[in-house]
1. Would you work out if region 535-596 is rounded, prolate or oblate? Take a ≥ b ≥ c from the square roots of the eigenvalues of the alpha-carbon gyration tensor; rounded if a/c is under 1.5, else prolate when a/b is larger than b/c, oblate otherwise.
2. Could you compute the FRET efficiency for residue 414 and residue 473, with r as their C-beta to C-beta distance and R0 at 22 Å, rounded to 0.05?
3. Measure off 7 Å from each Cα along the Cα-to-Cβ vector at residue 321 and residue 80, then give the distance between these two points in nanometres to one decimal.
4. How would you classify region 330-400 from its alpha-carbon gyration tensor, with a ≥ b ≥ c the square roots of the eigenvalues: rounded for a/c under 1.5, else prolate if a/b is greater than b/c, otherwise oblate?
5. What is the extension gain from residue 586 to residue 634, computed as 0.36 nm multiplied by their sequence separation minus the C-alpha to C-alpha distance, in nm to one decimal?
6. If one computes the Cα centroid of region 451-504 and of region 153-199, what distance in Å separates the two points?
7. Tell me which label goes with the value of volume of the Cα convex hull per residue in Å³ computed from the coordinates here: (i) 203; (ii) 227; (iii) 366.
8. Dipole of the chain, Cα-centred, from +1 at each Lys and Arg C-beta and -1 at each Asp and Glu C-beta, to the nearest 20 debye?
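Any read-out appearing in this document is the output of simple, stated calculations on the displayed coordinates, not a laboratory observation. The structure presented is a predicted model; accordingly, all values stated were derived computationally and were not measured. Ideal geometry is used to build each Cβ from the backbone, glycine not excepted, and the neighbour counts take in all protein chains shown.
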Amino acid sequence: YMGMSFVDAVEALTGEHIDRAYTPSHTYQPKPVQQTARELSLAEADNCRRVFAYLCKTRGLDYDLVASLVRQGVIAQEEKTGNVLFKYYDDQGNVIGAEKVGTSTEHRFKGIGEHSAEGHGFEVVRGTGEKAFFFESAIDMLSYLQMHDKELENCRLVSLMGLKPSIVLDTMLRHNISPENVVICSDNDEKGNLFASRLMEQYPDMKRVITPDTYKDWNDMLRGIPKAVEHKTEKKEVQQTDMQRYGNEMWHKAIDNRDKSLVTIQAADFARLQEQLDRLGINYYAYARDNSVIMAINDKDVEWFKRIAGTPDLVPTKSNRPYSPPEKNIFGSAEYRYIPQKEYLSADRDLVLKMAEIMKARGMLFSGRVYPSGKGTLTVSHADLFAVRNIRDEVVNMRKQFASPDKAQEVGNRDYRANRDTHYYMSKLTPEQFGKVKPFLETSVSYHAVVRDGKVAFAVDKENAPAFHRALENAVRETNMLRRMADLGLSMEQNIALSLVVHRLAVEDMQLDLADFFDKRYDDAQFGEMLSLVNAYIAQAPAERYGENSKLTDMLEAKSSFDRSIELSDFFSGHDFSDEQRAAITAMFVGDVTRGQIDSIDETFTAEDIQAYDEILHNALQESDVADFLTAHKQAVIDRENAERVPTEEEVLFPKADLAKFLAERTLSSDEWEDMAYPLFDSGYLDKHKPSDKAAFGYHLS
């Protein structure tokens, strides 16, 4: 207003003075400390070697910056995992939590220490800390600090450990920081920008600082890594957008790819069939590529399509792109809240989605949702209800002529007519999934089922319904576990040995993924030991499984040992080491040395060299110390090989020759000159043969 700020304008218009001091809407009250069974416990290693390697080498952070924070005790290394611990403290200097970051470059891990205090994050404070910068992670925060070190004063830099608005607000309240002194530095991506915009809608005085569009986050900017992957994805999406598309996109987005089949036909054939497909009410989605059209249709509609297209020999395929619709599978032309005088219709999801396509084409307002049970609902305005019912009847009539003549398949071990009070249950299982579950149901519960149109419906006696649901859930869990175990490639004998364990895990609904603890490369002894540990874990009471004496700890330690043993065998298979070398390398594997560091060892290392390398890895203060050791070793090997090399006859005779006499008596061709002069330029020749006082023709020619 007239070049004035909002506050100045209000003062000018009202004639009143407005206090510019920020007063929180409520006074910060420390959150009561919840009494938990276990207090915060951070098992710290006695060194930070992996922390330095990861933060400095992989993440590009300055060594002095990291070393300073390690000396202050705010950064440490977790003992067993080697994770980086970014610790944070309360006002009394007590550790109240930690942000964890894995140091493996192959498997990214991010987490928060168990029982960490809420509303806090890892932070670095400069001066009074009256201005606050918030970042998505500790590494992003330190990257920003490194790039803007000289500009930052009287501020605190805080990690949100993700996108947690509670940390922003609690930090403001705790330190009485007003919104105009808050800077949001979240990632320059969709989630980070949305997070910042929502906070700034609530607190307009907050500021936003982001990386240039070239970079996703502050650490990428520090390392100079552009959004290459994102650019490729955007380019791919643009190319896909340029494709000509046909059919019901709402159906395509609402249906799992596992329930669809793909068929490919010529573009000319599709042009001939398109009007007929729309007239017959079949849901499909297609795109043109070259002279062909690739179509996605319901699995159950494949036979319909063959008859319509007149291609009985057409062979459908399945998509190799996994896609599952969102849990809240909502579609429509308008949001639910904007539909006046709401009316509801419920029907089969395929029918609902075809109705939705027609309603959208006719410009009608509606919101819809489909459910895993196979049903769907439409929300429409009262004014459109009559028209929507007509569309429903229209689609039903379209599809009647192609109704499946096949009779429903009835399965089960009990006639539904024997039920005193029948309870009906529409399953999420497909017929194929039910076929795998069926053997487990037959021996545990009485039921009747009907399989039709790609769905499975159950009819059970009402008093037995709870037992049936438990049995069905157990059977589904057991089949899923067995499928995962089968993917491991274990032997038949091993799978049989595990079958009882799988059954018990399924029945008791234990949250344990067996596939994480077995490997086809385990030998019989390792497999037997792991199986014994798993059985011991299952035998524990639930409270023991989560306590300090949980057998899960033994399982994890055994797995780590077995995996290291396999890794060691894999390493040895590519080398020809002596027994002494193998023993020294094995000792390194038992420690916390990484595979990448051990890969630097080859047959040129003696057992003593290997032990020295292990010692430098554990005691080096900087990574350059390790690099210097490896460089020195390489040079020592070269020197040793040169010292052991037997000189050729020419190399022995050449220093003894009377070159002056030879040159005086003979006129040499250019090739002979070159052959004769070549040894003069060998490395080290001029150092060995200095010119004498009597030299008349140059080096060694007297």
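1. prolate
2. E(calc), rounded to 0.05, equals 0.70.
3. Distance between the two pseudo-spin positions: 4.1 nm.
4. Oblate, because a/c is 1.5 or more while a/b does not exceed b/c.
5. Separation in residues times 0.36 nm, less the Cα-Cα distance, equals 15.1 nm.
6. 47
7. (iii)
8. Using only the charged Cβ atoms, the result is roughly 4260 debye.
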